[in-house]
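Participant: My structure is below; once you've seen it, I'll send some questions.
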Amino acid sequence: MPLVLWALCLGVLDTVLCSYSEDQCSWRGSGLSQESGSVEQISLHCAEGSLEWLYPTGALRLSLSPRLPTGTAGKGKSPRQVTTCIKPSSTFRGAQIYLERDGILELLLSEADASLRPRVRCFNWLPKEKVALFLQSTLHQDISRRIAAFRYELRGDWNSRLSLPSSNLSMEGACRPCNDTEILMAICTSDFVVRGNIRSVSNDIELQESIISVSATRIHRQKFTLFQPIGKYGKSTGNIHTLLRCGVKPGPGSFLFTGWLHFGEAWLSCAPRYKDFRRIYEDAHQAHENPCEFPLD
């Protein structure tokens, strides 16, 4: 059964140790320094980071306590829910990951699943809930080649319409076109805002993702170098991910692509045709309802 009582799991383990990351975002440690049968407590307080557990023995309990923003899109509302995603390394070995919620453990990632093509696992929780990730080492005669490592990200509704690639999340509304208000907020808050054309669309059936190849005519903002020039004087190009079920097709015309970084990849939020965006922005500007200034051609 995927659900087991947390109390039963703790009953098998003898000692509870505490550990805190110096940078509050990432942790790296070795099972060789743990006492036999112990549970090491780890607390991280960032929206993204990583964990690397060398030679896993015993167990780890990772407490997720991010410093959440106090307002959502400037409206003074607390986030309704938080989405946490983990991406195991391609060499994840030696442990299984459980989600602990309300004293109950649910298997999130088995060692067998991790040995296949690494996939992102996501789950939702409320800001007032106490959730944690519980890493239980698996028995192996030789632990010298076992490293359980993953990256994590936390997102909330303060991030607008981020679509996360997860089959175990409710993605209701993820594929519908953005309304005018969402488009205006997206240009102000997204990790990238790029005007460009669709070069091609490829589909990854296994990951249930579509990858949009974009030729950028103007880069308004990018958190990191997502779009890079080809050649000395060539246009900048880059890839944007979205859900396969959204059915994105290549089409002519200029678009304004907005979205978020997700484990170093660009994920689509809103992508209106540029002529439609310009009309929306000019109408909002005349009505003094635009949330931020944006340069138009």
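Participant: Lys223 to Leu116: extension gain in nm, 0.36 nm per residue of separation minus the Cα-Cα distance?
Facilitator: Details: separation 107, 0.36 × 107 = 38.52 nm, distance 3.09 nm.
Length difference between fully extended and current span is 35.4 nm.
Participant: Report the Cα centroid-to-centroid distance between the range 189-240 and the range 88-110 in angstrom, as an integer.
Facilitator: Taking the Cα centre of each part, the range 189-240 and the range 88-110 sit 33 Å apart.
Participant: Mind listing P(r) for the range 180-286? All alpha-carbon pairs, 10 Å bins, whole percents.
Facilitator: 15, 47, 32, 6, 0
Participant: Determine ³J(HN,Hα), in whole Hz, for all residues of the range 51-62 in sequence, where each value follows from phi through the Karplus function 6.51 cos²θ - 1.76 cosθ + 1.60 and θ = phi - 60°; x replaces Gly and Pro.
Facilitator: 9, 9, 10, 7, 6, x, 9, x, 8, 10, 10, 9
Participant: Per-residue counts of other Cβ atoms within 10 Å, averaged by peptide: what ranking do you get for 242-254, 100-112, highest first?
Facilitator: Top of the packing list down: 100-112, 242-254.
None of the figures in this text is laboratory data; all of them are computed from the coordinates on show. The structure presented is a predicted model; accordingly, all values stated were derived computationally and were not measured. Backbone-built Cβ (ideal geometry, glycine too); neighbour counts: all protein chains shown.
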